[in-house]
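Here's the structure, in structure tokens; my notes come after.
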Amino acid sequence: EADIYQTPRYLVIGTGKKITLECSQTMGHDKMYWYQQDPGMELHLIHYSYGVNSTEKGDLSSESTVSRIRTEHFPLTLESARPSHTSQYLCASSDRGTRGETQYFGPGTRLLVL
Amino acid sequence: SQQGEEDPQALSIQEGENATMNCSYKTSINNLQWYRQNSGRGLVHLILIRSNEREKHSGRLRVTLDTSKKSSSLLITASRAADTASYFCATGSSGGSNYKLTFGKGTLLTVNP
């Protein structure tokens, strides 16, 4: 069982609200990732980080932002939520060792913007 | 463009039967991984096969990799109802410290009791 946590698990909010999705891991992994996944579809990488103070945009353009002030914490923020942001958001991490390519996933946050 | 493409998109079998899922990709890879996702949950890593390997086993799982055809298959033997899930292949890019993975659309496997 991976030690990576996401909160909240479910979130229903109104348009225009600012939200932060939390992701924490206790494995000491350097690399962390955020994916967006619509039901029955593939995962799209929206942000990643290779360490503290390092953040990069992923393959899918996203209006969200991320920060990496501590190794274990990688929050994702939407300044003004819109219905088009409705989706599932998955956080993952990996370490730098020989098994570094394997990613460990959190349970996900299901976001519904009304 | 999508790197990994699973086939079939959905598969329904009876308990005890074997399930085979295929994945094709387009560019050179460092490794290929298979993940499982139960409905509405995060992904769980199943198995990783490197580009210089051809076959790998883990319990009831058997993965093959054919780099000349840019394809991989995942075989689940003696399936159980608990194997019902979506299965995704993911390719790791070659070289450097780039550990990004590119996921396919997945195969939805339903194992009927």
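Every number in this text was worked out from the coordinates using simple rules, so none of it is lab data. The structure presented is a predicted model; accordingly, all values stated were derived computationally and were not measured. In this analysis, Cβ positions are derived from the backbone assuming ideal geometry, glycine residues included, and neighbour counts consider all displayed protein chains.
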* P(r) for chain A: what percent of alpha-carbon pairs falls in each 5 Å bin, starting at zero? -> 2, 13, 23, 27, 19, 10, 4, 1, 0
* To do: Determine the sum of side-chain charges near A:LEU60: Lys and Arg each +1, Asp and Glu each -1, restricted to other residues whose C-beta is under 13 angstrom from that of A:LEU60.
  => -3
* Could you point to the residue in A:GLY106, A:THR15, A:GLY28 farthest towards the positive end of chain A's charge dipole, with +1 and -1 charges on the Cβ of Lys/Arg and Asp/Glu respectively? => A:THR15
* To do: Mind telling me which of B:SER24, B:SER71, B:SER39 comes out most flexible in a GNM of chain B, alpha-carbon contacts under 10 Å?
  => B:SER39
* To do: Pick out, from A:SER61, B:ASN38, B:PRO113, the residue whose Cα sits farthest towards the positive end of the charge dipole of the protein assembly as shown, with +1 on the Cβ of Lys and Arg and -1 on the Cβ of Asp and Glu.
  => A:SER61
* Over the Cα atoms of chain B, Rg to Rh with Kirkwood Rh, two decimal places? -> 0.96
* Label-point separation (nm) for A:THR7 and B:GLN14, each offset 7 Å from Cα along Cα-to-Cβ? -> 4.8
* Asked: Rule-of-thumb check for the protein assembly as shown: C-alpha Rg over 2.2 N^0.38 Å?
  -> 1.01
